[in-house]
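Report on the following structure.
The values are calculated or read from the model by the stated rules, or taken from the named source; none is laboratory data. Fair warning: this is a prediction, and the values are worked out from it, not measured in the lab. As a convention, Cβ positions derive from the backbone with ideal geometry for all residues, glycine included, and neighbour counts pool all protein chains shown.
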Amino acid sequence: MADTRVTLTRESGLARATVNDRLDLLLEAGLIADNGNAASTGGRRAASFAFNEASGVVFVADLGASAAGLAVCDLGANVLAHERHAIDIAAGPDVNLGLVRDRMPQLFASAGRSEADVVAVTVGVPGPVQASPPRVVSPPIMTGWDDVVVPDALALPLPAPVLVAKDTNLMALGEHRARFAGDDHMIVVKVGTGVGSGIICARDLHVGADGAAGDIGHIPVPGVDESCVCGKIGCVEAKAGGWALARDLRALGHDVQSSHDVVEMIRARQPDTMRLVNEGAKVLGVAIADAVNVLNPSTIVLGGEIATAHEHLLPHVREVVYTRSLPLATRSLDIVVSDLGNRAGILGGAYLAIEHRLQPDALDRELTRRIGSGAPLNAWA
């Protein structure tokens, strides 16, 4: 890794004066720090530099259908403070984004940081998000959120940018960066209240032309006759989603109101629940097999509270995928259950914010603004 002026000049191909000027600006801004002396190759040891992970923080709000994860992370995606809250996403943006605003000060205090340290904020939501402006579009399970521009509704008293993404996209980014960074192509499938996925293509998050990529839960599957919350019939989610399992269990006379209740019945090995989850896993496997044939990932990660609560879901999905997919597409395919759990979305939100703020053009603007205006070096406007 290049970490001295000499190696940075050699590997970047830039002029020595350009590298020196850039390093001096980054040092002044606090984004890199002196890391001591590099190993000597003869003669005087050169000073080495390292990225300063403590030079700022990001705030992440990972909102799901029934739970929210809130966290403050440093610029190395290390979690400094974290808490989870039970929510009802269908209660609308005022209630749920109000929780995010209200809890921010306490989380900053717990992390030992202040709002002045925030370089970016990420909000994940369980529904489709248009890229620009970041607007929620026709979300099946988010009553009252349609057409909401999340940064405007959040209305934070901070100059930091607010990034918005579908929750499964954050999961995919978190899984990839934290666990599968060596994979070029992967899919993360969330099986919770709903069913969705996030796609990593060429090591980058793939969101599609309009931000709708990865909506695997609303692929129609032959033989599924149930109605879905999206208004269509036969979707994967109408058979495998937590809300659908709860519906079917209520029809069988069980007192089940939510996907959390379904998880408790899975853990109790209740026979009707196990049968329905296994049937849903096979339907899910059909949709995943189609995705494997189209995208040819090397890894599929199953996450969400239903997937992680039922150890038999994985073999059912594997059986269908390997049976229905092309042999070449499954030659190096690995299908696993997430070991990050609900941390995947938090980490993905942190990485999204960090990578956004450390893009070369963003750094150029920030360094120019700071040095030119004499702004405080911890003020990320």
Counting only residues that are modelled with pLDDT of 85 or more, surrounded by 15 or more Cβ atoms within 10 Å (Cβ to Cβ) and either out of contact with any strand residue (DSSP E or B) (no Cβ under 7 Å at 6 or more places or on another chain) or aromatic (F, W, Y) (or both), segment 10-56 contains a total of 2
Here is a check on your reading of the model: is Y351 within 12 Å of the chain's Cα centre (by Cα) and hydroxyl-bearing (S, T, Y)? yes
Among (1) part of a helix (DSSP H, G or I); (2) touching a residue at least 24 places away in the same chain (Cβ under 8 Å); (3) among the acidic types (D, E); (4) surrounded by fewer than 21 Cβ atoms within 10 Å (Cβ to Cβ), which single condition is D261 missing? (2)
The condition from (1) at pLDDT below 95; (2) assigned to a strand (DSSP E or B) that P222 misses is numbered (2)
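Given segment 56-113, what strands (runs of 3 or more DSSP E) lie entirely inside it while holding 2 or more residues that are over 24 Å from H356 (Cα atoms)?
Values: elements: 57-63, 67-74, 79-86.
It comes to 79-86.
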Being over 25 Å from T330 (Cβ atoms), of a type in the set (A, V, I, L, M) and outside any loop (DSSP other than H, G, I, E, B) narrows L170, L205, L158 down to just L170
Within segment 248-257, restricting to residues that are surrounded by fewer than 17 Cβ atoms within 10 Å (Cβ to Cβ) and at negative phi, the one that is nearest to the chain's Cα centre (by Cα) is Q257
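For segment 226-239, state whether one or more residues are surrounded by fewer than 18 Cβ atoms within 10 Å (Cβ to Cβ) and among the aliphatic types (A, V, I, L, M). It would help to see each step written out before you state the result.
Let us first name the residues in segment 226-239 that are surrounded by fewer than 18 Cβ atoms within 10 Å (Cβ to Cβ), namely 226-227, 230-233.
Among the residues that remain, those that are also among the aliphatic types (A, V, I, L, M) are: 233.
There is at least one residue in segment 226-239 that is surrounded by fewer than 18 Cβ atoms within 10 Å (Cβ to Cβ) and among the aliphatic types (A, V, I, L, M).
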Output the residue which, of all residues in segment 307-348 that are among the acidic types (D, E) and either buried (at least 19 other Cβ atoms within 10 Å of the Cβ) or outside any helix (DSSP H, G or I) (or both), is farthest from the chain's Cα centre (by Cα). E311
